[in-house]
Every structure is written in C-alpha cells, then in structure tokens.
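Input: a single structure, listed below in structure tokens.
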Amino acid sequence: MATHWQLPQIRQVETPDGRWLRVEVAGDSRRVVVAQVGSPNAGVLDDRWVQDAAARELTLITYDRPGYGGSSPQPGRSVADCAVDVRTISEVMGFERCVVWGFSGGGPHALACGALLNDLVTAVATIGSPAPFEAAGFDYFEGMSDEAVEDIALFLSDRAEWERRGAAQRDALLALDADELAEQWSAGASPADAAVLRSEFGVWLHRSVQAALAPGVAGWMGDDVAVFHTPWGFEPASISTAVKVWHSLDDRFVPFGHGRWLADAIPGAQAELRDNAGHLTVVAQRIGEVHEWLAQYM
C-alpha cells in the first residue's frame, strides 16, 4: 500500500528581532527533520524528500534563509545566526527535538545548529558542504573551479564590483528556463551531476533558484559572504552532537578536501566519502540514506 503524504504547508514565522521567515512544513511536527537547502535556493521541499520522510513517519521542515524568497533580509548575518531562526521555528511549530541535514551552502548552517542548539538538535548530516574559509590544515582552493577562485579574489579586492557582478548574475539566472539552467550548470560538472541536472531534480532546482532570487540578490549575497568569506561564528570542533559527512571524490562544485576536513575536524564525525556521486546525487536520489541515519537519533 502506498504511503500517504500531504503537500507541504506554508507558515509565516516572526523572529524576535521582527523579521519574517517563510517556512514549509510536511508532517505533524513530530519526529522533525529540518533541511537547510543549498545556495542560491529557497526553502522549497522536493516531492521525493517529502515522500521519503512520510514513509519513515518523519516531519520535514525547511525555510527560506534571510533575504531569499519570502524571508526578510538580515544584513550582516553570519552562519551562526541561523541558530536563532531554527530555535524560533521550533518554538512556533511546537517541537523540542529535531535532527538537521544541510546540502552544499546549507551544510555550514546545519553544522551551526549542531554546535549552538545541542539541547534541540540531536544529529546533523552534511551533503557536499564547504569547510570554513579560515580552516587550517588544508588547501581551501585545491580542486575549486577557476570561476569560484576568481569570485573570492574579486570579493577581497573590490567588494563593490563583486556586488555589481552578483546582481548581474542574479538577473541572468532568472532569465534561464530549467533546460538552460541545467546546460549552464553542467559545464565542468561530473557526469553524475550533469545527469541529475537534466532529471526531475533539475526541474526542482530551477524552481528553487527562481523562488530564492525573485525578491532580489540580498539572500544570495548574504549566504555567500557568510559561508565563503567571513568566519562562521562557531568552531566545527566544538560540535558535540552526532554528525555524518557525505561528500564525493568527484564533487566539482565543492571540492572533496572540504568534506574530508570537516570529517576530521568534528569530534566523532562519521563520513561517507565515495567516488562517482558528484555534488547532487545524494540529495537528488539518495536522501533516504540520510533520513535513515538521522532517524536513529530521534
């Protein structure tokens, strides 16, 4: 018999400092999984995530980080600031325990929840997450695309030009349809990622990007500065909750060294570091493995 699942419901949650968060909820707020999506993505739940969560009797919650989609901007935010938003969501939605997964740019935000909300968050999973920019002991730029290296160099040398370029890139992304986005993001990607971008997940990704950037570029810039250019506001080594790191050897969006560094830096972290999974395969096709691992900590 097929598992019954319902379409996500939209909630508007006010933060203590008067901002608003657009939240998507699929489930009854019991056995909660909070998903921190990538960048630039809005908190739009993919149907396959919702179906898998429903089959495991999990509630899946995500939200637009500040400045994306329907959430108010939060100028100057750090990665650590997301902990206040997740705490607020838990209080409004009425859950006292949860687990968190974070994909790509959402990975550091998931880790922040593990570091700063250890009375609420019992386990964290990251999928293709970057490491901190100031992380010691590895070459941050090894395996990174020329475009990404140039972006960091421009931020450091000419912030105003970096912001102008970001606004232009936002306009260009909004002009793309799903096929065009898949074609553009497949350039230089692993074969696994190129295939995923041309699948139904690519359609979801296009919808999420469009929703994220519709109100402007503030959310994307805020994410980029917080994740890639400034201190996160916590030390990964301080995390005491259970953590598992998923990262692929052929990830060309966030190089493999980032995942290996996180697995080594976080006390007791488990790791699944495999070849030929790219950046997208786990979140697109194998989210059930992540949910299964997290569910044991509920």
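Quick notes on this one:
- Among all residues of the range 126-143, there is at least one that is hydrophobic (A, V, I, L, M, F, W, C), within 18 Å of VAL245 (Cα to Cα) and in contact with a strand residue (DSSP E or B) (Cβ under 6 Å, 6 or more places away or on another chain).
Let's see how each residue does on (1) under 12 Å from ALA284 (Cβ atoms); (2) without any contact (Cβ under 8 Å) to a residue 60 or more places away in the chain; (3) touching a Gly at 6+ places or on another chain (Cβ under 7 Å):
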{"residue": "GLN184", "(1), (2), (3)": "no, yes, no"}
{"residue": "ALA187", "(1), (2), (3)": "no, yes, no"}
{"residue": "SER190", "(1), (2), (3)": "no, no, yes"}
{"residue": "ALA195", "(1), (2), (3)": "yes, yes, no"}
{"residue": "PHE201", "(1), (2), (3)": "yes, no, no"}
{"residue": "TRP204", "(1), (2), (3)": "yes, no, no"}
{"residue": "GLY219", "(1), (2), (3)": "no, no, yes"}
{"residue": "ASP223", "(1), (2), (3)": "no, no, yes"}
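- Which listed residue, of LEU45, LEU60, is part of a strand (DSSP E or B), touching a residue at least 12 places away in the same chain (Cβ under 8 Å) and within 23 Å of PHE201 (Cβ to Cβ): LEU60
- A search for C-beta distances below 6 Å between a residue of the range 87-99 that is assigned to a helix (DSSP H, G or I) and any residue that is polar (S, T, N, Q), counting only pairs 6+ apart in sequence or on different chains, returns THR88/THR15; MET93/SER29.
- Top-ranked residue of the range 189-248 - restricted to ones that are basic (Lys, Arg) and surrounded by fewer than 19 Cβ atoms within 10 Å (Cβ to Cβ), ranked as nearest to ASP139 (Cα to Cα): ARG198
- Meets criteria (touching a helix residue (DSSP H, G or I) at 6+ places or on another chain (Cβ under 8 Å), of a type in the set (Phe, Trp, Tyr) and within 15 Å of VAL225 (Cβ to Cβ)) for PHE133: yes
- Among the candidates PRO215, PRO231, PRO267, residue that is under 30 Å from ALA172 (Cα atoms) and either modelled with pLDDT under 95 or over 18 Å from the mean Cα position of the chain (by Cα) (or both): PRO215
- With respect to being surrounded by fewer than 23 Cβ atoms within 10 Å (Cβ to Cβ), modelled with pLDDT of 95 or more and under 17 Å from the mean Cα position of the chain (by Cα), ARG286 fits the description.
The values are calculated or read from the model by the stated rules, or taken from the named source; none is laboratory data. Worth saying up front: this structure is predicted, and the values here are computed from it rather than measured. Cβ coordinates were reconstructed from backbone atoms using ideal geometry, including for glycine residues, and neighbour counts include every protein chain displayed.
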